[in-house]
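Only one structure is covered here, and it is reproduced in the block below.
Read-outs: derived from the displayed coordinates by stated rules, not from any lab. Predicted model only: the values in this text are computed from it and were never measured. Counting neighbours? That spans all protein chains shown, and the Cβs are built from the backbone with ideal geometry, glycine included.
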């Protein structure tokens, strides 16, 4: 049994409980946050947080850390593995990698930054076992995986016929079979078209053979998501991502779910999460007249509370792009001619990778760098925009502290901007934005907002009674002047990270690495409906998959510490 | 008589990992196997063949003598804990759970850990690290491919159900008429049994693959080629290039004929580039024909744990990868290894003679269900249960699809899963290192 902990005298930022930098004590017992009166200080470990910032543990709503794509990246980029290494110690395993880090060091690095919950956003159903195997070897953090369902043959066929109930029963079965957390959509219909080397070009462009439009897929899956009352909303990577002039897809996708009523067993305010929106906020109609359309996107988000986004902030330098959007990666290869990896998955999805260098002398990359920041600064409610780099697509997660410094300091942005391509300011309004994020707002976009959007705000992303004791203590005194350097340094390494009531990081060093939990959603639909669905689906399996249906579902052995969210979805409203 | 049928069992012979096998078990013994090929059937039937090891063996005065599992583990741990440059090799016929413990052990003792990829598709891996790869899961080929090319590989002998389950013969969603909807092309140095089934057969001169691939790339990209390349006439090459460009979905499956003939990784680099070039015209994918059932799995596990797919050296306390230096054969040829642990593999039967000579000089520990040439060299030979027949586990198909291996029968008495044996060794090594195991 771990000792109770008392965190004393810190400046606490806990937006979900409306606490904005108040000096408070936090008491921890049995992995949970408890009333201070329950913990006897004489028996507790005391953490003196005087002049330090205390926040809930960080949450990353979108980070490629486990499974076929990231492992493909590690496998075909030994140069990335050779660039960075961490030796083994008496308590820790070794590892390598910067943009595609190996599993053990992924957990350590996140924990050192005060992050304790991670979402792997791209799990192909057929390869789900692989994702879980890797998640089991990412220590410390709680985690979950989003099941890729936006190009699924069976799903598309049901939705085409507007068989929403059967579609819901199928998606419920899929989430159970893959032990997934939510419905992930990547380039709806476009990835299927890519299996013939094509793509879909607009929201009304029908998918080859399946004859369903991206709009119908997005709308249909949003409906199904709410029928199943899932904790998180649909989580979408929009069509034509990474193409000039694509910002209309953010607005169009948001419009597709506008009328879908939110129904969830948890608490959330959005019915669509549009991920790494930087890549979808491009203006112009070619790379020549490429410009930022962050303002238009932000304006739409500001007037549509049913939408949340994450930044997908670009970090200058080398990284590895990876996505289930097959045609996008081929396009990147045709731009930079670096090595291209493609992996399509039968009946379900695809995947591609290309190494990428975001260059400050490149105008397009420079404008891209401004877009993520513009989105964060222009969207008024921080509960609608979350910090991300779409790790590692726009940059590795270890660079989050730098993004925080850019958001909190106009000076830091100006200084950075001066080093980018000289024409950047003609294509972006970043230089005119005065807003500086407060620590309270940083706590929203790195934990509280993400917890709420994920439907986990009952136990994650806050420091109220009964919340999981996942806490970060940063060496930052809000009463002093917060220079960009200080901010970046403080958020890079915590003074303490506490995970599930255990101290896992002290003074920037990992002191122990317990295993986290896997969250997954298990909606139960009507039994008869499920049987009807299974009769049809089992035929498709037998004919077109190359594995037996009985061997498809992920066994419980692959989730040694799991947190099932059971949902009664037997009655649809 | 107690009879049961285990359905949808996974065959643990080759990289096809066929998962539709029916095994009939009577009184705890396998009596019938359905759906498997001749190789898979032998895997299920021969699990109790006479070569099956019964007791742990330990070498005393030059003779292998029976001993207890505890003694064998103790001796193995002593050898490994003392070694300055231990080599941990094999792994391709073991489940991923064993791989995980094996890698942890390698890290603990600062070993070089390598698998059979090193002497098999290693050059393919090196090539895809140079140029990438366009690939997919096998169901994509089954449902879509109208052109299937086997190059330097002979599935009729080596992967007997590959064509019937995944590529040429099955009916697919967009290929309702099965083989009638597809063209099969074989490129090989001789007319193999696979070639006999092909619509087109191109006979390439031995070691001529690089030239032929280059000629195809030239033809695909609209350039002139000589009258004859690597023994293949210009017209045939141009015709094939045309077929490749005009198909809707093409797939190349290459074997060691391309990987291990002259040129090695350069051949693969070239053929991967050919497939990438074809992407400008149509959909094209390519696969290495992986041999052992879980050689793909070891590469996956080692990659996610260390960042590298084979030949990892932990001697500096962090993973280092440098094929040619950290590969098993090279560590033996340089006579560096001073102890070896061999798991689920038989390097004595497959390594170059000089490497085996060094293996014979150093203490060797084997963890293997069957007696092999390598177990004959062993200082400690520990028998294990067979994953996929007697123990559950995880394996990755040649196209990276992970499958849960079934347990069909109970392991014979005293035969532990390899992962358990490895765990015991690891714990003992740790105890020795902290001094607690000295008593």
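Taking other C-beta atoms within 10 angstrom as a stand-in for reagent exposure, A:158, B:321 fall in the order B:321, A:158, fewest first. Where a ≥ b ≥ c are the square roots of the eigenvalues of the C-alpha gyration tensor, would you call the stretch B:290-366 rounded, which needs a/c under 1.5, or, failing that, prolate if a/b is larger than b/c, or oblate? Oblate, because a/c is 1.5 or more while a/b does not exceed b/c.
Based on C-alpha pairs under 8 angstrom that are at least 6 apart in sequence, the stretch A:464-519 has a relative contact order of 30 percent. Histogrammed with a bin width of 10 Å, the alpha carbon distances of the stretch B:348-403 distribute as 22, 34, 30, 15 percent, first bin at zero. Under the rule a/c < 1.5 gives rounded, and otherwise a/b versus b/c splits prolate from oblate, where does the stretch B:4-85 land using the Cα gyration tensor? In terms of gyration-tensor shape, prolate. Length gain on complete extension for the stretch residue B:4 to residue B:433, per 0.36 nm per residue less the alpha carbon to alpha carbon distance? Taking 0.36 nm per residue and subtracting the Cα distance, the gain is 149.7 nm.
Ordered by the count of other Cβ atoms within 10 Å of each Cβ, fewest first, B:78, A:488, B:413 give B:413, B:78, A:488.
Distance between the pseudo-spin-label points of residue B:164 and residue B:223 (7 Å out from Cα toward the beta carbon): 4.3 nm.
Rg then Dmax, both in Å and based on the Cα atoms of the stretch A:5-97: 19.7, 54.
Looking at the stretch B:122-288 alone, DSSP beta bridges between its own residues are antiparallel in about 10 percent of cases. Shape analysis of chain A places it in the oblate category; the axes a ≥ b ≥ c from the Cα gyration tensor give an a/c of at least 1.5, with a/b not above b/c.
Once the chain from residue A:411 to residue A:23 is taken as fully extended at 0.36 nm per residue, the excess over their C-alpha distance is 136.9 nm.
Compared with the direct C-alpha span, the chain from residue B:176 to residue B:39 gains 46.4 nm at full extension, assuming 0.36 nm per residue. Computed over the stretch A:33-149, the alpha-carbon pair-distance distribution with 10 angstrom bins reads 12, 35, 29, 15, 8, 1, each value a whole percent. The label point for residue B:22 and the one for residue B:207, both projected 7 Å from the Cα toward the Cβ, are 5.1 nm apart.
Could you state the angle between the C-alpha long axis of helix B:295-306 and the longest principal axis of the C-alpha atoms of chain B, as a value from 0 to 90 degrees rounded to the nearest 10? Compared with the principal axis, the helix lies near 70 degrees. To the nearest ten degrees, helix B:234-246 and the longest principal axis of the Cα atoms of chain B are 80 degrees apart.
Placing a label point 7 Å from the Cα of residue A:46 along the Cα-to-Cβ direction, the residues of the stretch A:1-35 with a backbone N closer than 12 Å are A:6-9. Most simply put, chain B has about 40% antiparallel DSSP beta bridges, counting only bridges with both residues inside it. Taken over the stretch A:488-573, the alpha-carbon convex hull comes to 209 cubic angstrom per residue. Note on the protein assembly as shown: along the principal axes its Cα atoms extend 75, 75, 60 Å, ordered by decreasing extent.
Taking 13 Å as the cut-off, the amide N atoms of the stretch A:52-68 that come nearer than this to a point 7 Å along the Cα-to-beta-carbon line of residue A:486 belong to A:52-53. Evaluate the Debye formula for the stretch B:20-158 with equal point scatterers sitting on the alpha carbons, no solvent, and hand back log10 of I(q)/I(0) at q = 0.19, 0.20 Å⁻¹, in q order, two decimals. Rounded to two decimals, the profile gives -1.33, -1.35. Each label point was placed 7 Å from the Cα along the Cα-to-Cβ direction; for residue A:436 and residue A:3 their separation is 3.9 nm.
The C-alpha radius of gyration of the stretch B:232-324, expressed as a fraction of 2.2 N^0.38 Å, stands at 1.41. Rounded to the nearest angstrom and listed largest first, the equivalent-ellipsoid semi-axes of chain B from its Cα gyration tensor are 41, 26, 17. The ranking of B:201, B:351, B:298 from fewest to most other beta carbons within 10 Å of each one's beta carbon is B:201, B:351, B:298. When the helices of chain A are scored as -39500 (n - 2.57) per DSSP H run of n ≥ 4 and the total is divided over every residue, the value at 222 nm lands at -9000 deg cm²/dmol.
Which residue, B:314, B:254, B:174, tops the fluctuation ranking in a GNM of chain B built on C-alpha contacts under 10 Å? Fluctuation is largest for B:174.
Find the relative contact order for the stretch B:122-288 and round it to a whole percent, using C-alpha pairs within less than 8 Å whose residues are 6+ positions apart.
31 percent
Over the stretch B:253-389, all Cα pairs binned in 5 Å intervals from 0 give whole-percent P(r) values of 2, 8, 13, 16, 19, 18, 11, 6, 4, 2, 1, 0, listed from short to long. For chain B, adding -39500 (n - 2.57) for each run of n ≥ 4 DSSP H residues and dividing by the number of residues yields -10000 deg cm²/dmol at 222 nm.
At q = 0.14, 0.18 Å⁻¹, what is the base-10 log of I(q)/I(0) for the stretch A:376-467 according to the Debye formula with one equal point scatterer per Cα and no solvent? Please give it to two decimals. For the requested q values the scattering log ratios are -0.59, -0.91.
Please give the FRET efficiency for residue A:466 paired with residue B:277, using the beta carbon to beta carbon distance and R0 = 60 Å, rounded to the nearest 0.05. So the FRET efficiency works out to roughly 0.50. Note on the stretch B:122-288: Cα-Cα pairs beyond 19 Å make up 51% of the total pair count. Per residue, the average separation of C-alpha pairs within less than 8 Å and at least 6 apart gives chain A a relative contact order of 20 percent.
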